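The values are calculated or read from the model by the stated rules, or taken from the named source; none is laboratory data. All of these numbers come straight from a predicted model, not from anything done at the bench. Every residue, glycine as well, gets a Cβ built from its backbone with ideal geometry; the counts of neighbours run over all protein chains shown.
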Amino acid sequence: MTLDSTWVRAWIERTAEVLTTERHTLSELDRQIGDGDHGENLARGFAAVRERIGQTPDDATPATLVKLVATTLISTVGGAAGPLLGTAYLKGAAALGDASELDARAVVALLTAARDGVVLRGKAETGDKTMVDAWTPAVDAAAAAAESGATPADVLRAAADAAAEGAAATEPLVARKGRASYLGDRAIGHRDPGAQSSSLIITAAADTAAGSNKES
Amino acid sequence: MTLDSTWVRAWIERTAEVLTTERHTLSELDRQIGDGDHGENLARGFAAVRERIGQTPDDATPATLVKLVATTLISTVGGAAGPLLGTAYLKGAAALGDASELDARAVVALLTAARDGVVLRGKAETGDKTMVDAWTPAVDAAAAAAESGATPADVLRAAADAAAEGAAATEPLVARKGRASYLGDRAIGHRDPGAQSSSLIITAAADTAAGSNKES
Amino acid sequence: MKKLINDPADVVAEAVAGFGAAHADLVVVSHDPTFVRRAEGPTPGRVAIVSGGGSGHEPLHAGFVGYGMLSAAVPGPVFTSPTPDPILAATSAVDGGAGVLYIVKNYTGDVLNFETAADLAEADGITVESVLVDDDVAVKDSLFTAGRRGVAGTVVVEKIAGASAERGDDLATVAALARRAVAATRSMGVALAAGTVPHAGEPGFVLGDDEIEFGVGIHGEPGRERMPLEPVDAIVERLLSAVTDDLGVAAGDRVLLFVNGMGGTPSIELYIAYRRAAELLSEQGVTVARSLVGDYVTSLEMQGLSITVTRLDDELTELWDAPVETAALRRGR
Amino acid sequence: MKKLINDPADVVAEAVAGFGAAHADLVVVSHDPTFVRRAEGPTPGRVAIVSGGGSGHEPLHAGFVGYGMLSAAVPGPVFTSPTPDPILAATSAVDGGAGVLYIVKNYTGDVLNFETAADLAEADGITVESVLVDDDVAVKDSLFTAGRRGVAGTVVVEKIAGASAERGDDLATVAALARRAVAATRSMGVALAAGTVPHAGEPGFVLGDDEIEFGVGIHGEPGRERMPLEPVDAIVERLLSAVTDDLGVAAGDRVLLFVNGMGGTPSIELYIAYRRAAELLSEQGVTVARSLVGDYVTSLEMQGLSITVTRLDDELTELWDAPVETAALRRGR
Ligand SMILES: Nc1ncnc2c1ncn2[C@@H]1O[C@H](COP(=O)(O)OP(=O)(O)O)[C@@H](O)[C@H]1O
Ligand SMILES: Nc1ncnc2c1ncn2[C@@H]1O[C@H](COP(=O)(O)OP(=O)(O)O)[C@@H](O)[C@H]1O
Ligand SMILES: [Mg+2]
Ligand SMILES: [Mg+2]
Ligand SMILES: [Mg+2]
Ligand SMILES: [Mg+2]
């Protein structure tokens, strides 16, 4: 699939679907080491995103669409994830500029800007057991893939695989940011809900880029 | 055992013991169809009675001792059972007059006055599923036994057996007085806690009169 | 049972001591016998008001001792009416020579113990009048029951009577207004889960996962029936119609709507219920002129709520609005 | 899960609607975006105070909107900070031209959303200052955590700041006094059982039959440790010493002692705890000059309590004592 605004729409649609399906799993992860609302928060946000995206003109650019995701998440999600993910999409939109189609470099720029947005707002470092632990491996893997000449879709696939690994790798960590940081050692053994949801978002991008918009 | 003031002391002591042992059973009966405090209420009251009886002069008459039980129960039990049982002992003490020893007729008079006291305060009729359903059969059985020339101890035994049967016979009843009256049909199948405790009190009288002050 | 207590036997004494310490500006606590009275002594010539009953329904009654409401409260053991002694002691402590009104919830134990105390007080030369509160429509008032129970509506009666006494009405007037408040007030409650009496150690009753006790009493006594849990809007409709039918509320009436939490119900749930009850009343052309929402008459940590409606006339409204300064209700001072 | 609700998705909207209807004399409710503001509009030249956060902690914050305390409260979904939109809308609605103080509990979500709202308000020409409340000593304030949490002490900060704004102080002064209140306030809590978030359907955590969560947060976040249940006197001693050690309370100090119920704790238990805490302080030569006991910052129906101590100086005492007229705290009016 060409990574144009049609793809962005598909990606968003797919994300909304996946987050709705995974809503309880994500909230359950959050209940373990947080306050149990992460899945609910994102499902609410992406339900609003889906509705607003449906009302945009057909010629909206990728950046316009991604920015709409940003402002919608900021105004509907709340909690920590709302401003963090919202800023990720906001910075990602800025990185897209007025391009109508994303090449491999643009994909890397999008992911990098998104990750930087999260870090800008949340000040988390790698290993703090946050969503950054999904985004940073994704950015690194995407950059490496692009470097070695991969297609945009394959760049996203590399990013998605790395994000999934990154999310899984939060399990043994002690949290140093967000609500899970209050648990100390008791957070060990639990996956960070925000890392998991970020991995799902990046995987949705890869799946739709590969044209494999299959129902899960 | 002669039914003199020594016996009254033994009876009270035995009652205090039994009610302490049966405290949880009585409260559990009350939890089923009331508010779960009956055993606690009586245990608290008889603990106070035991203490105060210990401080009375040796030459206190039966009536003095029974009246002390009355005032102590009234001032320490509370709830429905406090005034009801308190009045029972109060009227019983009046019936004893200044007798130093109880014959069979005096036993009947004591039980009758006690039952009448409960009815005076509580206005319950036989079959209303209250303590009256232990007292009235006890009075009737005592009167019949005295009529047929039984000893005071045997009169009390007859009363105790009838009270125990009366308490058991409250199980199929619907309550019309006290807290259990709110249950309607749902009280069926549960024994009335006040009838049960009154039966224990009368049984303690019979047991001590028979000299069988055995530990239960 | 998990509770934040020491010895169950000390629960009431320690709680009352803490209450006295926390509200020393409003009340004085007497230990042995246990009662709570207003910090300032009796006002000569002013009617005093005494209420009381088993503990476990806090803030009732001690939370309503103070200016414009109760002169004294007599807390018994948990769910057990106090004995006459502390009632009598409280009566003597607050009598200002104009007589004392007893506000008694209609339970056999409370009625008998307050009755005895009244006899003893009269013997001491104190004039006592008693008013029975029996607002709970869950229980039919028939020859086959101990009569309707006194529940959350007690707060309304104590507020009305307190304001009447505070403005200087005589005993007969205070008692008459209290009775008017009783006559104008009905309540009914529902529980999702019972509280646990400390010395009992087990909940008063156990409901199934989707079961509610409809018409529950404040000691966990059962009510009309056990039924499946429904959305709160449906529950409120059932409670409210039982209450308004019994009270005979009609279009054009002005009422006080009181949604009372039983102790373990989050405040948001009380307000959700209030919202529906207010909607229903206004659909019926009834004006909700005054409101009260919160935990005022509890049953330990019971999860549940009750709805109380008082039909207001001008005088009752004025007395309801009068200044009050107690630990649990304060306004205008 | 048994709750007196309708659709879990409607819990906050319906509760806020009920709150607005029940307290129409005090507040006006805005729906979409959702916020609660004082019934009377902004006073020109007077500093406005806005607070907010996830719902489920009632009466915090809407219960403290009114004379002498908050100008507006912004409730988010249960346990989820509100988004910037309603915060901004509330800010615009209450600004009287003298600036707006945000009182923000220190949670990542609250901090970020209020930060964004402040940026947007400043862009609209409204001056905003923010004060973070982080009174919970259960969590160490270190580089390795999100910092201490804001819990029950928030009430104290809102009262102090509200009184300062009400007497006409400028924004810098109101903010400085709020920060002084934060600096003088520490809290710590304990839970016996967690509340259940409506859309989650399961309790936030599950403890063993004899287990308590010591140092619990108001969203059911864990604290220092799980430990066996002890008599409440021992628990109070642990909580209080953690609080007073961190605050550096010493003999001769005058303090506000605040025992807060988490929602599902009977009032008698709160007073039993208060009693012990007051005793311990006075044994240490500390004067308990002011008290507050009750459910003020809850965690749905959590069974548990927290202890808050604020070291008082003359000005903080005066501001604490100043008249306040809100749904949950009312005195002097
Ligand atoms: N400072 C931070 N930086 C990056 N991510 C964070 C930070 N704080 C929290 N998060 C992420 O947010 C997630 C929690 O989101 P959510 O549950 O929606 O918000 P809340 O914690 O306010 O309930 C965490 O799992 C974590 O991944
Ligand atoms: N009107 C009455 N007449 C006789 N006995 C009564 C009456 N009301 C209640 N009782 C008795 O009192 C018992 C309950 O006593 P208790 O539990 O101590 O008091 P409470 O009901 O106030 O908690 C009942 O089991 C019943 O036997
Ligand atoms: Mg969360
Ligand atoms: Mg009982
Ligand atoms: Mg009782
Ligand atoms: Mg949250």
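Among the residues of segment D:136-143, none qualifies, meaning not one is surrounded by fewer than 23 Cβ atoms within 10 Å (Cβ to Cβ), more than 14 Å from chain A (Cβ to nearest Cβ) and more than 26 Å from D:E211 (Cα to Cα).
Do you know which of the residues in segment D:217-232 that are more than 16 Å from ligand 3 (Cβ to nearest atom) and over 15 Å from C:L4 (Cα atoms) is surrounded by the most Cβ atoms within 10 Å (Cβ to Cβ)? Give the steps one after another, and end with the answer.
Filtering segment D:217-232 for residues more than 16 Å from ligand 3 (Cβ to nearest atom) gives D:223-232.
Then drop every residue that is not over 15 Å from C:L4 (Cα atoms), which leaves D:223-226.
Numbers: D:G223: 24, D:R224: 19, D:E225: 12, D:R226: 17.
The extreme case among them is D:G223.
For segment B:151-199: of the residues being in a helix (DSSP H, G or I) and among the acidic types (D, E), which is modelled with the lowest pLDDT? Among those that are in a helix (DSSP H, G or I) and among the acidic types (D, E), it is B:D185.
Filter segment A:114-142 for residues that are more than 20 Å from A:Q196 (Cβ to Cβ) and either more than 13 Å from the chain's Cα centre (by Cα) or surrounded by 22 or more Cβ atoms within 10 Å (Cβ to Cβ) (or both) and give the result. Spell out how you get there, then give the answer.
In the first step, residues of segment A:114-142 are kept if they are more than 20 Å from A:Q196 (Cβ to Cβ); the result is A:116, A:120, A:123.
Result: A:L120, A:K123.
The set of residues in segment D:233-254 that are buried (at least 22 other Cβ atoms within 10 Å of the Cβ) and in contact with a helix residue (DSSP H, G or I) (Cβ under 7 Å, 6 or more places away or on another chain) comprises D:V236, D:L240. Across segment A:7-24, the qualifying residues are those that are among the acidic types (D, E) and in a helix (DSSP H, G or I), and the one among them that is nearest to ligand 5 (Cβ to nearest atom) is A:E17.
So is B:I74 in contact with a helix residue (DSSP H, G or I) (Cβ under 9 Å, 6 or more places away or on another chain), away from ligand 4 (no atom under 16 Å from the Cβ), in a helix (DSSP H, G or I) and within 13 Å of another protein chain (Cβ to nearest Cβ) or not?
Numbers: in contact with a helix residue (DSSP H, G or I) (Cβ under 9 Å, 6 or more places away or on another chain): yes; away from ligand 4 (no atom under 16 Å from the Cβ): yes; in a helix (DSSP H, G or I): yes; within 13 Å of another protein chain (Cβ to nearest Cβ): yes.
Yes.
Residues in segment A:166-195 that are of a type outside the set (V, I, T), crowded, with 24+ Cβ neighbours inside 10 Å and away from chain D (no Cβ under 14 Å) were compared, and the one that is farthest from ligand 5 (Cβ to nearest atom) is A:G166. Take the conditions (1) of a type in the set (V, I, T); (2) buried (at least 23 other Cβ atoms within 10 Å of the Cβ); (3) out of contact with any Gly (no Cβ under 8 Å at 6 or more places or on another chain); (4) not in a loop (DSSP other than H, G, I, E, B); C:V297 misses just one of them, which is (4).
Could you tell me how many of the residues in segment C:196-216 are surrounded by fewer than 19 Cβ atoms within 10 Å (Cβ to Cβ) and touching a residue at least 24 places away in the same chain (Cβ under 8 Å)? Result for segment C:196-216: 2.
Within segment A:25-60, how many residues are within 16 Å of ligand 6 (Cβ to nearest atom) and part of a helix (DSSP H, G or I)?
Pass one, segment A:25-60, residues within 16 Å of ligand 6 (Cβ to nearest atom): A:26-45.
With the extra rule that they be part of a helix (DSSP H, G or I), the set shrinks to A:26-33, A:38-45.
Here the count works out to 16.
Annotation: D:R148 fulfils all but one of (1) at pLDDT below 95; (2) more than 9 Å from every other protein chain (Cβ to nearest Cβ); (3) surrounded by 18 or more Cβ atoms within 10 Å (Cβ to Cβ); (4) more than 21 Å from D:A183 (Cβ to Cβ); the unmet one is (4). Only one entry in C:G63, C:G41, C:G96 is modelled with pLDDT of 95 or more and in contact with a helix residue (DSSP H, G or I) (Cβ under 9 Å, 6 or more places away or on another chain), namely C:G63.
Out of all the residues in segment A:7-24, is one or more more than 14 Å from ligand 3 (Cβ to nearest atom), crowded, with 20+ Cβ neighbours inside 10 Å, more than 10 Å from chain D (Cβ to nearest Cβ) and among the polar types (S, T, N, Q)? There is at least one residue in segment A:7-24 that is more than 14 Å from ligand 3 (Cβ to nearest atom), crowded, with 20+ Cβ neighbours inside 10 Å, more than 10 Å from chain D (Cβ to nearest Cβ) and among the polar types (S, T, N, Q). Report, by residue number, each residue of segment C:38-66 that is among the aliphatic types (A, V, I, L, M), over 13 Å from C:A93 (Cβ atoms) and more than 14 Å from chain D (Cβ to nearest Cβ). Answer for segment C:38-66, where residues must be among the aliphatic types (A, V, I, L, M), over 13 Å from C:A93 (Cβ atoms) and more than 14 Å from chain D (Cβ to nearest Cβ): just C:V47.
Scan segment D:176-191 for residues that are in contact (Cβ under 8 Å) with a residue 60 or more places away in the chain and surrounded by fewer than 24 Cβ atoms within 10 Å (Cβ to Cβ) and jot them down. Outline the logic, then answer.
At the first step, the residues of segment D:176-191 found to be in contact (Cβ under 8 Å) with a residue 60 or more places away in the chain are D:177-178, D:180-181, D:184-191.
Those that are in contact (Cβ under 8 Å) with a residue 60 or more places away in the chain and surrounded by fewer than 24 Cβ atoms within 10 Å (Cβ to Cβ): D:L177, D:R180, D:A184.
Just to be sure before I move on: is D:A273 free of Cβ contacts under 8 Å to residues at least 60 places away in the same chain, under 22 Å from the mean Cα position of the chain (by Cα) and assigned to a helix (DSSP H, G or I) in the structure I sent? Yes, satisfied.
Going through (1) more than 9 Å from chain C (Cβ to nearest Cβ); (2) in contact with a Lys or Arg (Cβ under 7 Å, 6 or more places away or on another chain) one by one, D:A21 falls short only on (1). Annotation: A:V132 fulfils all but one of (1) farther than 20 Å from D:F144 by Cα; (2) within 14 Å of chain D (Cβ to nearest Cβ); (3) not polar (S, T, N, Q); the unmet one is (1). Scanning segment D:165-201 for residues that are modelled with pLDDT under 95 and in contact with a helix residue (DSSP H, G or I) (Cβ under 7 Å, 6 or more places away or on another chain) turns up D:P198, D:H199, D:A200.
Would you kindly identify the strands (runs of 3 or more DSSP E) lying entirely within segment C:6-62 that contain at least 2 residues that are in contact (Cβ under 8 Å) with a residue 60 or more places away in the chain and buried (at least 17 other Cβ atoms within 10 Å of the Cβ)?
On the way: elements: C:27-30, C:35-38, C:48-55.
Answer list for segment C:6-62: C:27-30, C:48-55.
Only one entry in C:F35, C:F79 is more than 16 Å from ligand 1 (Cβ to nearest atom), among the aromatic types (F, W, Y) and within 12 Å of chain D (Cβ to nearest Cβ), namely C:F79.
For B:T87, indicate whether it is crowded, with 22+ Cβ neighbours inside 10 Å, within 14 Å of chain C (Cβ to nearest Cβ) and among the polar types (S, T, N, Q). Taking the combined requirement at face value, the residue satisfies it. Of C:G264, C:G252, C:G285, all but one fail to be facing chain D (nearest Cβ under 8 Å) and touching a residue at least 12 places away in the same chain (Cβ under 8 Å); the exception is C:G264. The set of residues in segment D:52-67 that are touching a Phe, Trp or Tyr at 6+ places or on another chain (Cβ under 7 Å) and within 24 Å of C:R331 (Cβ to Cβ) comprises D:P59, D:L60, D:A62.
Taking strands (runs of 3 or more DSSP E) as the structural unit, those lying wholly within segment D:154-230 and holding at least 2 residues that are of a type in the set (S, T, N, Q) correspond to D:185-193.
Taken over segment A:14-34, the residue count meeting the criterion of being within 16 Å of A:I201 (Cα to Cα) and acidic (D, E) is 2.
Yes or no, residue by residue, for (1) touching an Asp or Glu at 6+ places or on another chain (Cβ under 9 Å); (2) free of Cβ contacts under 8 Å to residues at least 24 places away in the same chain:
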position	(1), (2)
A:E17	yes, no
A:R23	yes, yes
A:R50	yes, no
A:D58	no, yes
A:A70	no, yes
